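Undergrad: One structure, as structure tokens, below. Some questions next.
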Amino acid sequence: MSKKVVVRSATGGTSAASRRVLAAVTAATLAPTVESEGILLQRNEFVHVFFQVGGTDPVFSVVIWWYSAISGIWHRGETLNVNTNDLTTLEVQGLSRMYLQVSAVSGTAPTLNAWVGLVVPV
């Protein structure tokens, strides 16, 4: 039997623009350094990451960072190459926080927005 879920924003806000975790990024960003950075995963099993790109031939390399309370540090995870309005589903069981870092950008006038949705069983 499949379980029913609802997807809720991982960040607060009253509009799509205010819920972004990456807002109109045009260049590389920094990696996380302290525990409070990133998105609290709230004990969910899965998250959806929604991307919106703009520009001509844009390509963004996005590193997924994971924070574990066991180690007390950030761990580098997968790198996604984002070049269109992509959706990625990630398994996050047991991890405390996630952070999206743009490590490289190419294209003409590229922009990147991203949102994280928590997949919550109902």
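Values in this text are rule-based calculations from the coordinates and carry no lab data. Predicted model, so just to flag it, every value in this text is computed and none were measured. Here Cβ is always computed from backbone atoms with ideal geometry, including for glycine, and neighbour counts include all displayed protein chains.
Undergrad: Quick check, is SER71 in contact (Cβ under 8 Å) with a residue 40 or more places away in the chain and not basic (Lys, Arg)? Walk me through it before giving the result.
TA: Numbers: in contact (Cβ under 8 Å) with a residue 40 or more places away in the chain: no; not basic (Lys, Arg): yes.
Against the criterion (in contact (Cβ under 8 Å) with a residue 40 or more places away in the chain and not basic (Lys, Arg)), SER71 does not qualify.
Undergrad: Looking only at residues that are of a type in the set (Val, Ile, Thr) and under 14 Å from the mean Cα position of the chain (by Cα) in the range 90-113, which one is surrounded by the most Cβ atoms within 10 Å (Cβ to Cβ)?
TA: In this case the residue turns out to be VAL92.
Undergrad: Give the range 74-100 a look and list any residue that's farther than 22 Å from GLU45 by Cβ and touching a Pro at 6+ places or on another chain (Cβ under 7 Å), or say none.
TA: ASN83
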